[in-house]
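Notes follow the structure.
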Amino acid sequence: MHGRKNFVGSFERGSFLRVFLAILAFSIASPALPTSTAGAQTRAESLDDLYEKAKKEGGKLTLYIALSARSSEVILPAFKKRFPAVTIDHIDSTSDKLVTRAITEARGGRVIGDVFGGALPYIAQMAEQKLLAPLAIPEAAVYPTSLKSRDWVATDAQFFIIGWNTGLVKKGEEPRGFEDLADPKWKGGLMGEPRDFQVLMGLAKQKYNSDEKAINLLKRIAANQAEFHRGHSQLVELLVAGQRAVCFTCYSHHFPPRIKKGAPIQALLTEGVGEIGGSVAIFKDAPHPNAALLWARWVISEEGQRVYAEAGETPTHPKVEPKEKTRPATSYMLTVNDVVEFSQYEKLWKRIFELK
């Protein structure tokens, strides 16, 4: 769930504060939190029992989730094979459009979707709009508090890393970390995605514990005249084509499938900035609550997370590893607590690289 996860445009700082306060109140899942009747019932029933309930309510499920083509081809059929009587209506669109659609429908007094999924800013916006039902499900117990709230659980993570074209970067001259990209030898050789302020944020908050150090580094990288292209899928393809020698905000999971096909690229996996790439939540007053719960419980279970791994995603379940090595050895992971500062770092990022 990745190249398609384009962030909603800049939130106003006040809006971010409202989002943060709303989410912070629910950031730690606890048995003491109020739950819906269906949510409470799931504690004592198996997925097969819940499947029977889903069939009785009509066997339908509407998903508002932005999925990559590969994920759609793997995850949806796997769920269908496991629960064949459930018919899935997957609304295929970008996350920002799905949020807008959900809000518009809610204001019109209609709830069409059963399940919503998206990256942290989108799920935060949905929580702020109070469009999500409490999600108290047993499978969430093994997830760390940084990857769940009362309303949602993370399904996958994604990592911003450095990568290079092996035809343009000589062996032995590869960058070994973000600091190396400040070297003048990379002038005219760097490229990234213009919206990836998370790189700045991760370095500032997790690696250096200093805005000043992170900003100074990125200013030096900017002096090397970095080029920007929208869309991470396009970004990595341009790297394959030799548009520039080094990408410094590529997604790690984009490398293995291309390398297997012979692409002349290499990923640096010693460090990277991580974030919640996808999540699962249930719409308040979902038309098919049992089918929605069935999906939610399945996708964060070990079984469902193994399917996510098969789809090339990086699962968030503590016991499920990705099929390919995509997790950096050192990850500067952003969490729900960082949402309130997104706008601030986005503005800094744009200022550093003179982006509009």
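The values are calculated or read from the model by the stated rules, or taken from the named source; none is laboratory data. Every value quoted in this text rests on a predicted model; they were computed, and no experiment measured them. Neighbour counts run over all protein chains shown; Cβ positions are idealised from the backbone, glycine included. Side chains are part of the model used for accessible areas, which takes the heavy atoms of the whole protein and leaves out ligands, DNA and RNA. Shrake-Rupley method; radii C 1.70, N 1.55, O 1.52, S 1.80 Å.
Express the accessible area of the range 151-246 per residue in Å², computed with a 1.4 Å probe while the remaining protein chains stay in the model.
That works out to 41 Å² for each residue.
Quick check for you: with a 1.4 Å probe and neighbouring chains kept, what is the accessible area per residue of the range 249-356, in Å²?
38
Over all distinct Cα pairs, what is the inverse of the mean 1/r for the range 147-243, reported as the Kirkwood hydrodynamic radius in Å?
Value: 15.0 Å, from the Cα pair sum.
Relative to 2.2 N^0.38 Å, what does the C-alpha radius of gyration of the range 45-94 come to as a ratio? Two decimals please.
Taking N as the residue count of the range 45-94, the ratio is 1.21.
FRET efficiency for residue 319 and residue 259, Cβ-Cβ distance as r, R0 = 25 Å, nearest 0.05?
The value I calculate is 0.40.
If you rank 330, 249, 335 by how much accessible surface each has, with a 1.4 Å probe, what is the order from largest down?
Ranking 330, 249, 335 by accessible area, largest first, yields 330, 335, 249.
Where the accessible area of the chain is counted over protein heavy atoms with a 1.4 Å probe, how much of it, in %, is carbon and sulfur?
Reported share for carbon and sulfur atoms: 51 percent.
Using R₀ = 35 Å, calculate the FRET efficiency as 1/(1 + (r/R₀)^6) where r is the Cβ-Cβ separation of residue 355 and residue 45; round to 0.05.
Efficiency, from the Cβ-Cβ distance: 0.10.
Using protein chains only and a probe of 1.4 angstrom, how many square angstrom of residue 196 are accessible, to the nearest 10?
Result for residue 196: roughly 0 Å² accessible.
May I ask you to give the solvent-accessible area per residue for the range 71-130, in square angstrom, as obtained with a 1.4 angstrom probe?
45
Of all the Cα-Cα pairs you can form in the range 292-356, what percent are over 16 Å apart?
Within the range 292-356, distances greater than 16 Å cover 63 percent of Cα pairs.
More than 28 angstrom separation, counting every C-alpha pair in the chain; what % is that?
43
Kirkwood hydrodynamic radius, the range 175-305, all distinct C-alpha pairs: what's the number in Å?
For the range 175-305, inverting the mean 1/r across all distinct Cα pairs yields 17.1 Å.
How much of residue 146 can a 1.4 Å solvent probe reach, expressed as accessible area in Å² and rounded to 10?
In the full protein context, residue 146 sits at about 50 Å².
What value, in deg cm²/dmol to 500, does the helix sum -39500 (n - 2.57) over DSSP H runs of n ≥ 4 give at 222 nm once divided by the residues of the chain?
-10500 deg cm²/dmol
Using the membrane-span-like helix rule (whole DSSP H runs, Cα extent along the own axis of at least 15 Å, mean Kyte-Doolittle hydropathy at least -1.0), which helices of the chain qualify?
Taking the DSSP H segments of the chain (at least 15 Å long, mean hydropathy at least -1.0), we get 13-24, 69-82, 95-107, 211-222, 289-300, 342-353.
Would you please give the FRET efficiency between residue 52 and residue 81, computed as 1/(1 + (r/R0)^6) with r the Cβ-Cβ distance and R0 = 30 Å, to the nearest 0.05?
Step by step, r from the Cβ atoms, then E = 0.95.
Report the Stokes-Einstein translational diffusion coefficient (µm² s⁻¹, integer) for the range 236-303, Rh taken as the Kirkwood radius over Cα pairs, at 20 °C with viscosity 1.002 mPa s.
139
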